[in-house]
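Asks: Quick one: the structure is below, and I'll ask about it shortly.
Please treat every number below as a calculation from the coordinates, not as lab data. What you are looking at is a predicted structure, and each value in this text was computed from that prediction instead of being measured. Note that we place each Cβ from the backbone using ideal geometry, even for glycine, and neighbour counts take in every protein chain shown.
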Amino acid sequence: MNSDAITLTKFSGLLRSGIAMPKAIEIIGGIPTNNPGLQYLLEVAIQSGAGVAAEIDVVADLCYQRDSSLERIKVAYAGPKSSSRLVIWLPVLTMLIAQLSGFELLGAILAAKIVSSKLIARATPTENHSGYFLMAVALASGGGANLNKAQMLAFESHTKILGEEPSKSELLAMAEIANLVETTGARVCDLLKSQARNMQRENLTANELRIEQLSIRLMLPLGLAVLPAFVCLAVIPLMASMFGPK
């Protein structure tokens, strides 16, 4: 588990034990500054007077999942990266001879590295706050605010702290839940948290899919550039020395 996830898990435990939020924040050494989603939920909790321990657990789990995804990306890139290093550190003289002979090996290896870096950048999980607006509305509602006031508080804080309005999908889900609550009398907090978890699960699934695709796509630069370079640098000279004129 990464340090942010550990810190947040400790934070939620302190809150559950009855320690006031300011004191709990002091004990953990402050809230991680690189997590605007957490700051957003805390802002709503402070304004509404709601307990936020369960939501902090959710954010901690998301931190852990994101770091786990980054580790998987490193593992996926380890093989191609090692192969590239092997080719680069082959005898420099052989490399120069190959370049003078018209084989653009250095260019091929560099191109493979650039392509691999772009593939990794596309697969790297970005900061995603899908479902946070719904969690914030649930927080404010749990703190005693009526649904309309809870939505207003969550919306204003979302724009202020995250720098953008909630996504259209979240606003649509919010409208559907509000209509369902009005017609059936269902518990709004449970519906909001359930929908927020579904959105986060969809985002995690999309991240997993990108990483699985990355492990395959990273083989393309390896096969099209690095391995041919290895053949030119090592295999062909070896074969020439073995079967050439004595």
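Asks: About the Cα centre of region 1-79, how large is the charge dipole given +1 on each Lys and Arg Cβ and -1 on each Asp and Glu Cβ? Please answer in debye to the nearest 20. Could you put the intermediate results ahead of the total?
Replies: On the way: 6 positive and 8 negative charges, 26 e Å.
With only Lys, Arg, Asp and Glu charged at Cβ, the dipole is about 120 debye.
Asks: Right, another one. Could you tell me the calculated FRET efficiency between K160 and A121, based on Cβ-Cβ distance and R0 = 25 angstrom, to the nearest 0.05? Intermediate results must be reported in sequence, preceding the final value.
Replies: Working: r = 30 Å, r/R0 = 1.18.
It comes to 0.25.
Asks: Here is a further query. Using the Cα centre of region 126-224 as the reference point, and only Cβ charges (+1 on K/R, -1 on D/E), how large is the resulting charge dipole? Debye, rounded to the nearest 20. Could you put the intermediate results ahead of the total?
Replies: Working: 9 positive and 11 negative charges, 28 e Å.
Around 140 debye, computed over region 126-224.
Asks: Cut-off under 24 Å on the C-alpha distance; same-chain residues fewer than 8 positions from K74 excluded. Which lysines are left, in chain and number order?
Replies: K113, K118
Asks: How much FRET efficiency would the formula 1/(1 + (r/R0)^6) give for D61 and D190, where r is the Cβ-Cβ distance and R0 is 22 Å, rounded to 0.05?
Replies: Values: r = 19 Å, r/R0 = 0.85.
Rounded to the nearest 0.05, the efficiency is 0.75.
Asks: How far, in nm, would the chain grow between K149 and L70 when pulled straight, counting 0.36 nm per residue and subtracting the alpha carbon separation? Present the calculation step by step, with values, prior to reporting the outcome.
Replies: Working: separation 79, 0.36 × 79 = 28.44 nm, distance 3.84 nm.
Extra length available between K149 and L70 comes to 24.6 nm.
Asks: Please give the FRET efficiency for R16 paired with R197, using the beta carbon to beta carbon distance and R0 = 25 Å, rounded to the nearest 0.05. Walk me through the intermediate numbers first.
Replies: Values: r = 20 Å, r/R0 = 0.78.
Computed FRET efficiency for R16 and R197: 0.80.
Asks: Okay, next question. Take C63, C189 and order them by how many other Cβ atoms sit within 10 Å, fewest up front.
Replies: C189, C63
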